[in-house]
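Notes follow once the structure below has been shown.
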Amino acid sequence: MEVIRGVRQMQEKALTVRAAGRSIALVPTMGFLHEGHLELMRVGRRLCDVLVISIFVNPTQFGPSEDFDQYPRDEEGDLQKARDVGVDLVFIPTAREMYPEGFQSVVHVERVTQGLCGTSRPGHFDGVTTVVAKLFNIVGPDVAVFGQKDYQQLTAISRMVTDLNMPIKIVGVPTVREPDGLAMSSRNKYLDQEERASALSLKKSLDLAERMLAEGETDAGVVRQAVESLILEHPHTRIDYVTLCDPVSLEEVTRLGEETLLALAVHVGRTRLIDNRVIRKGTPGPPEGEGAS
Ligand code: PAF
């Protein structure tokens with residue numbers, strides 16, 4: 001496994017790979033790798049000849065009062081995990097390398113970035129789509145793999161690739177969960193024991209909504225209220241949003257249709273967690289206390 005830190009070196013390496021007729025899969029990450037990331041890498045590994053990952057805690061997607069400085073980092077541990085999963089190349093640029101003096105360009109995706117996390121994290125998705133567009137230009141992947149846990153991010157990146165004619169296949173991978181259902185996230189590390197228990201309210205509310213739909217409830221307001229009550233029963237929780245929306249346009253709905261995205265962002269203590277599920281009519285809800293994904 002080779003580690004590359006320079007943009008120029010990464011571009012040259014990628015050119016050599018492509019000139020040899022080999023396909024490239026890219027998994028962009030911000031490091032502190034967990035099983036969710038490793039699953040993205042396994043998918044990338046299966047799809048292409050050469051697997052590249054990037055590790056870059058991207059400053060432009062964090063707001064001024066967010067956790068950029070505290071964001072967990074563990075380069076040595078990450079490299080070991082990447083090696084074990086069969087990564088070929090790890091691109092680890094510095095912020096200076098990615099955003100040199102005079103940098104002033106932004107890739108902005110309009111409507112799908114406006115609601116949900118776009119409301120409470122202004123500028124976040126501009127940071128994401130800009131850095132991902134840069135990574136695509138640097139690595140030139142045939143395939144790029146992202147987690148469905150960041151559903152809005154995945155939607156914005158897919159939109160960008162379509163709108164800007166980027167010849168890259170975007171693959172979304174289902175959320176990987178802890179045995180008790182908590183979605184894996186680098187930020188789970190911030191939770192103390194009590195908060196960790198309350199964090200389960202996110203997954204429980206996805207199950208609740210799915211159950212309500214299975215039992216015939218299609219009023220989005222009723223489902224939202226039930227979900228909010230369930231979350232707030234748990235100590236240390238504060239709701240950022242509970243949104244039922246169209247899974248493609250991400251526009252809020254008043255009635256649950258054939259497919260509806262339930263997206264959640266909840267502060268548990270000082271940690272902001274997100275989770276989501278596309279709930280479908282005709283799908284029996286999971287039994288009480290059991291996960292669907
Ligand atoms: O999902 C992430 O880890 C980041 O948003 C990404 C896609 C690596 C861009 O910085």
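The values are calculated or read from the model by the stated rules, or taken from the named source; none is laboratory data. The model shown is predicted, which means the values in this text are computed figures rather than measured ones. Please note: Cβ atoms are built from the backbone with ideal geometry, for glycine as well, and neighbour counts cover all protein chains shown. Areas reflect the complete protein model, heavy atoms only, side chains present, ligands, DNA and RNA absent. Shrake-Rupley method; radii C 1.70, N 1.55, O 1.52, S 1.80 Å.
Key figures
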{"item": "Filtered residue count, segment 9-33, keeping only those that are more than 16 Å from Ala133 (Cα to Cα) and open to solvent by 40 Å² or more (accessible area, probe 1.4 Å)", "result": "11"}
{"item": "Unique match (being closer than 20 Å to Ile55 by Cα, open to solvent by less than 20 Å² (accessible area, probe 1.4 Å) and more than 14 Å from the ligand (Cβ to nearest atom)) among Val128, Val132, Val87", "result": "Val87"}
{"item": "Failed condition for Ser120, given (1) within 13 Å of the ligand (Cβ to nearest atom); (2) under 24 Å from Thr260 (Cα atoms)", "result": "(1)"}
{"item": "Within segment 44-76, tally of residues that are more than 16 Å from the ligand (Cβ to nearest atom), farther than 18 Å from His124 by Cβ and either aliphatic (A, V, I, L, M) or open to solvent by 20 Å² or more (accessible area, probe 1.4 Å) (or both)", "result": "6"}
{"item": "Neighbours by Cβ (under 9 Å, 6+ apart or cross-chain): first from segment 99-124, touching a residue at least 24 places away in the same chain (Cβ under 8 Å); second of a type in the set (Phe, Trp, Tyr) and part of a loop (DSSP other than H, G, I, E, B)", "result": "Arg121/Phe62; His124/Phe62"}
{"item": "In segment 154-171, the residues that are over 19 Å from Arg111 (Cα atoms) and open to solvent by less than 30 Å² (accessible area, probe 1.4 Å)", "result": "Ile168, Val171"}
{"item": "Of all residues making up segment 135-155, the number that are in contact with a helix residue (DSSP H, G or I) (Cβ under 7 Å, 6 or more places away or on another chain), more than 19 Å from Met98 (Cα to Cα) and away from the ligand (no atom under 13 Å from the Cβ)", "result": "1"}
